[in-house]
Structure formats: C-alpha cells, structure tokens
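Structure, as structure tokens:
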Amino acid sequence: MKNREGRMKNKKNSIEVHNLSVAYNKIPVLWDIDFEIPQGQIIGIVGPNGSGKSTLLKAIMGLVPLSSGYTKIFDKDLNAVREKVAYVPQRESVDWNFPATVEDVVRMGRYKPGKLFNRLSVIDKELASQAIEKVKLTPYKDRQIAQLSGGQQQRVFLARALAQGADIYIMDEPFVGVDVATEKTILDLLITMKNEGKTVVIVHHDLQTVSNSFDYLVLLNTRLIAHGPTKEVLTEENLQATYGGQLNLLTKLQNIIKEKDFPIREKGFEDK
Amino acid sequence: MMEGITYFFTDPIAQKVIMGIAIIGAVSGVVGTFSFLRKKTLIADAISHSVLPGICLGFMFAGTKDPIVLLTGALVIGWISVWLIDYLSSTTKLSADTAIALVSTLFFAIGSVLLSVISKSQNAEQTGLKNFLFGKAATMTTFDVEVFTVVSIAIFVLVILFFKPFQLVCFNHEFAKSIGVKVKRMEFLLSTLTVMTVAIGIQAVGVVLMSALLIAPAASARYWTNRLPIMILLAALFGTFSSVIGVMLSTMKNNMPTGPWIVFSLFTFTLFTLLFAPHKGWFSIKRRNLSNHKKITEENLLKTFYQLKEEGNTAVSFRDFLEKRAVDTHSLVRDVRRMVKHGFLVEKDKTFSLTESGNKEAARVLRSHRLWELYLTNRMNFKNDHIHGTAETIEHLITPEIEQLLLKELDFPTSDPHNKEIPY
C-alpha cells in the first residue's frame, strides 16, 4: 500500500485533458478543452446546464466518441488504469425499477472484467458491506432500489464506487435532488477520501451550494473558462463568463455545424 | 379429459413433444427476462417475425426440414434483421420503433412470398412448413427435440456464465463500460441468444406468436420478486407451464395450431399475476385502498366524538352526531357498532360516549390535525383559511415518529392557529 501511494505522489496530475472536442447529437458541446488537475484533492467541474460538464466526464471515461484530442488518467490511457478509477453516473441514467437490492448494486462495484465468471469472494462481499456501512445504508441493504429516496439512491451509487476501492472517483452530479442528510453524508465521505489520498472529481451545476468544499475548480461553458485552486479561480469575471449565458456567435456556429453535418476537425489534421 | 392428460405422460411421442416444449418455454422465459429488462421487447417481436424468410431459405437450400439447416437460416436472417434495425435507427432519422416496424414487416412479407413459392414447388417435404406461422408442436421429430435441447442447454450455460455482465449491461451500461466490460459484445451476445431462442421456438409456437413466449413470462415474473436470479427462475417456470398447458389444450382441441393456445395460457398466467401479485396486483391495491378508507372513517368518527365532548356533549345520540358531521346514516350506525365492539365507544340508553382508549385515540388524531395546521402556518406560510382541508387528510398519516418530530420542531405548542387547545 505504502509503496503505491509513494509512487503516486511523485506524479503531479490525476487527469490530463488535451485539446478535447466532443460533439453530442452532431452539435459540438466541448471546444478544445485543455487542462490538468492535481491529485489528492476535491475537484469541482462547474458550469451551467448544457455546458458540457457531463460530456466531459463521459469523454474521460471513454463513453463518448471524441472529435479531437485525448485524455489521460495518472499519465496513462484509461484502459491501463481502469481498476484505479471509479465512475458514478447520474442517478437518472438508470431505471431504478430494476430487480436488485441495495446490496446487489453495491456488489457490482466488486465485479472485475477479467473475473466476471468467478463468484464474488468473501472479501468482495465484506468490502461491499463496508461500503454500504460508510454511506449509512446498512439498515436498507435488502431493500429493492426503487423503494429508496433520491438521496438514498445516490448513496447506493456512491457505495458501489467505494466498493471498487479506486484511487480516483469521478462523479456526475452527486448532489442533484438529494436531501440535506445525504448531502452531509456525501461531503463528509469526500473529505475522508481526500484525507486517505484519493482524488475526487465532481461535476456540479451551481456554485451556491457545497462549492466551499472544492479545493480546485474547473469552470466550463462549452469552452474552458478557467481552472485552478478555488481561491484563485473564483473571480467575478470568471463567474460572469461561466454563467453569463452562451456566446451568441458560438451558438450560431454550432447550429450551422449541425445543419450541414460538418466535422469539427478536418480529416487528416493531427493535433500536436 | 383425464385420458387426454394421461396420454401425454404415457405415449412416447407425446412425451417427446411435451419435453421439447417445456425446455423451449424455459429458455424463452430466461432469455426474455433480459429483453424485458433492457426494454427491448419490441425487438424480440421483430426478430420472431423476421426469421420466417430464414426458415424458408434454409428449406430451399436443404430440400428437407432438417432442423440444423432451418435453425442456421433463422439465425442468419434473424441477425440481419437485428443489425438492420440498429443501423436504420442509428444512422437515419427513423426512430427505433419505426425501424422495428419497417424491418419486421418487410422480412415477414419476404417470408410469406418465399412460403408460397415453396408450396407451389413439387417437393413433397414442404407440407407442414406453413405450421411455422402459428406453430404445431406435434410436428417436432425426435431429432428436432434433440437439437432444440442441445441449443437450449448451450443458452442456459451462456446465461449462467455471463450472468454478471448481462446484469450490468441491463441495469447500467455506462457503469459496465467504465469498469471495462465489452458492452457492445455483451449486447451482441444477448441479441444472439434472443435470435437462437426464437429459432428453436417457432416450430411449436409460430413466428407470429413467438414474442409472447419471450415477453409474457418475464413481465409476470417481475411482479412476484425484486431479485434478478429469482425473476429468471420464475420466468422459466411460467414459460414452461404455459407452453405445456398450451400444447395439451391444442392437442385436445382437434389438433389445432399450438401457438394460440400457448398464448392463451400465457395470458391466463399474466392475468392471474395482475390480479393477485403482492403489493402491485389489483387485489392488493384494492385491499390497501379499503384499509386506508376504513382508517380514515374510524379516526374521523372518534375525532367527532371528541369534538362533541369538547363542546360539552358526553352522551351522543346518532342525531347529535349527524348534526355535527353529515355522513351516511346507514354506515354511521355500522361504524359506531364496530367501534363499540373494539372498545372505543360505550353505549348507554341509545347514546354513545368515548371509552378511555377511545378518548386516547381520538385525542391523538385531533392532536395530529392541530399540530399539522400549526406546521402549515408556521413553516409553510399557509394562510389560516387554507389549512383545514390538508390537515383533514394528513392527520391520518402522521406516525408516532413524525408526531415527535413535529412536537420538537414546533416546541410543544399548546394551541393551534384557530386557538383551539392541542390535546396531549
């Protein structure tokens, strides 16, 4: 354990995003995004609705095709470090009527692609139970997941990620539609995780709530507005640029791209 | 009738047919569960219509009804239909359901044309090919059943082996992809299993009705359990029973096509489920409504007695009650008698008054009502003339736990917004 942490501290960045452009439904939603984020901190990716935050996470997780650029985690391709990465999708992205209990879903965090045919070991089950305990859902572990409140469902997803035992946690809007108790549980957990040397990346849509828990911010509105330690980035000017609405001209251009079915990058153009 | 049933378990040919249909029903239930959970039931329907040309081409190629050739034909054409639906809905503006409707009808039309071409040919083997439309279990030969059994076992083994990735892909494919599951490959495998199931099922059930055997058992099973492994087992059982019963019925009715009878028996199972399933079934919902209604009536009754007592009336006649609260006289008499029986009221000279336990219960309801009114005005900024209606309902819902929270939050108040005393 010590050895691995020691090695990781030598490296500077947890995630590197280089010249990243992504189109969603043929409309470019991310333009040439370029940044690095540090390790061992709580990092907020913040921007208004439709600013491309979730798409950015999906691009990092290899879930959407990229129009240009690349992303790296711990200086490597995602495939090389997958076991160190836990992804928490948006709560609304699944049908909670699925026949599964809290425990069933959290145990999915212990599934490993190389060992999908094996049964879960006693250790796997124990780790899942511990994760459920950490999000305070032990009394609910045998409940069907549709019978939970929104906040409890969010905690189920968090527990599944915890069960993965990763080094970096990438979460898509974990604070949407949760009760105050869940918000506090999650925030406390995030701080514990940070103290254990984990990196936590959170997509969040407004700066009114929970933002003072972020050590580092990436401000996004289709383009990168700013990134850096929260204190340096939180300026009036940056907030105006992030939340002051879309750029008119950019929106017009996006529509032309969609209408003409135009590519974002010319063929054969290599990003340096 | 009884001879009919014994016949199925003694006659070797009938036994073979029953055994074949039982295993087909089980496989359909298992594979259909995954289609159901992926919300791909329409695709299952499309596949079953689309395999008809595959069967015909297989027959034209081999010249006999060799199950292996027919299965291969069905598999290939079934796969092409899945691919085409996927291609059309992802690269054109056609929505998925439009693409499904177009492809399945086109393939079925091609199949029908091929079927009439074959029936005009001189091949003596071709009789019975039309049975693939509505199914005829009795036409299954021993070799057919053997082939179907082998394919079924292969499907069961694959489902057991791939249970975890299938579960992940059905529940949360983005998460599946994030941990490195090859989602596209798993979806391909699931579609292939569906095509294989359709291919072995159509001889007995028919291309037109095969999708019912995939979908109905899963849809019913979902009502009875919240666990995936149990749901799969139940779907397999429902599939097996419906198919076996369907085949028996069709054979007793002058050898009619099996498909429709299987569908009837599937539908009976589904109907039974919709009526009797725990929690979500019709009777369960009805029972819940009734018990809610009863609770409301009883609590209102006691509350009214309490209010009359507050006004000084401790020996309440039916007339007194009706003046305070207009309810149906007949039900009032019945409800009051019941409350007497439960020990909440006592009768004396045709008047009624609250017993000690009745008094306690009535005070609790009124306390809930008045606490909630106070909560509405203090915390939710309701105006005084708007709070009564809501509180009338909420008073019946407030649990001891909520009551404690209310008391704490409102700091143990003594009177409600209308300046009435809150009873403790």
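The values are calculated or read from the model by the stated rules, or taken from the named source; none is laboratory data. If you're wondering where the values come from, they're calculated on a predicted model, not measured in any experiment. Cβ coordinates were reconstructed from backbone atoms using ideal geometry, including for glycine residues, and neighbour counts include every protein chain displayed.
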Exercise for review: Confirm whether B:Ala212 is more than 14 Å from chain A (Cβ to nearest Cβ), in contact (Cβ under 8 Å) with a residue 12 or more places away in the chain and of a type in the set (Gly, Ala, Ser).
Suggested key: yes
Practice item. Considering every residue within region B:324-342, establish whether at least one is touching a Gly at 6+ places or on another chain (Cβ under 8 Å), in a loop (DSSP other than H, G, I, E, B) and farther than 23 Å from B:Ile394 by Cα. Key: no
Study note, to complete from the structure: Taking region B:173-183 and keeping residues under 28 Å from the mean Cα position of the chain (by Cα) and either more than 7 Å from chain A (Cβ to nearest Cβ) or closer than 22 Å to B:Trp83 by Cα (or both) leaves B:His173, B:Glu174, B:Ala176, B:Val183
Practice item. Have a look at B:Leu249, B:Leu234 and point out the one that is at pLDDT 95 or above and outside any loop (DSSP other than H, G, I, E, B). Key: B:Leu234
Review point. Where in region A:100-214 are there helices (runs of 4 or more DSSP H), lying wholly inside it, with at least 3 residues that are free of Cβ contacts under 8 Å to residues at least 24 places away in the same chain?
Key: A:122-134, A:180-195
Point to revise | Every residue from region A:68-101 that is more than 10 Å from chain B (Cβ to nearest Cβ), among the basic types (Lys, Arg) and surrounded by 16 or more Cβ atoms within 10 Å (Cβ to Cβ) | key: A:Lys72, A:Lys84, A:Arg91
Review point. Is one or more of the residues making up region A:57-66 over 28 Å from A:Gln144 (Cα atoms), in contact with a Gly (Cβ under 9 Å, 6 or more places away or on another chain) and not aliphatic (A, V, I, L, M)?
Key: no
Exercise for review: Being of a type in the set (A, V, I, L, M) and in contact with a Pro (Cβ under 8 Å, 6 or more places away or on another chain) is the filter; apply it to region B:191-229 and report the residue that is nearest to B:Val263 (Cα to Cα).
Suggested key: B:Leu209
Study note, to complete from the structure: Those residues of region B:152-172 which are surrounded by fewer than 20 Cβ atoms within 10 Å (Cβ to Cβ), within 7 Å of another protein chain (Cβ to nearest Cβ) and in contact (Cβ under 8 Å) with a residue 40 or more places away in the chain amount to none
Practice item. Go through region A:121-138 residue by residue and tally those that are within 14 Å of another protein chain (Cβ to nearest Cβ) and more than 26 Å from the chain's Cα centre (by Cα). Key: 1
Review point. Somewhere in region B:358-368, is a residue loosely packed, with under 13 Cβ neighbours inside 10 Å, over 41 Å from the mean Cα position of the chain (by Cα) and touching a residue at least 12 places away in the same chain (Cβ under 8 Å)?
Key: no
Exercise for review: Would you confirm whether any residue within region B:383-399 is farther than 25 Å from B:Lys294 by Cβ and part of a loop (DSSP other than H, G, I, E, B)?
Suggested key: yes
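Listed here are the residues, each with its yes/no results for (1) in contact with a strand residue (DSSP E or B) (Cβ under 8 Å, 6 or more places away or on another chain); (2) modelled with pLDDT of 90 or more.
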site	(1), (2)
B:Lys341	no, yes
B:Leu345	yes, yes
B:Lys348	no, no
B:Leu354	yes, yes
B:Ser357	no, yes
B:Ala362	yes, yes
B:Ser368	no, yes
B:Ile387	no, no
B:Pro400	no, no
Revision key, fill the gap. For region B:255-282, pairs from a residue that is more than 27 Å from A:Gln144 (Cβ to Cβ) and touching a residue at least 40 places away in the same chain (Cβ under 8 Å) to a residue that is of a type in the set (Lys, Arg) and in a loop (DSSP other than H, G, I, E, B), with Cβ under 6 Å and 6 or more apart or across chains, are B:Pro257/B:Lys136; B:Thr258/B:Lys136
Practice item. Taking only region A:33-67 into account, find how many residues are surrounded by 21 or more Cβ atoms within 10 Å (Cβ to Cβ), more than 23 Å from B:Lys184 (Cα to Cα) and of a type outside the set (A, V, I, L, M). Key: 5
Practice item. Scan region B:316-336 and report the pairs whose first residue is at negative phi and whose second residue is modelled with pLDDT under 90 and assigned to a loop (DSSP other than H, G, I, E, B), with Cβ atoms within less than 7 Å and a gap of 6+ or a chain change. Key: B:Ser317/B:Lys350; B:Asp320/B:Asn313
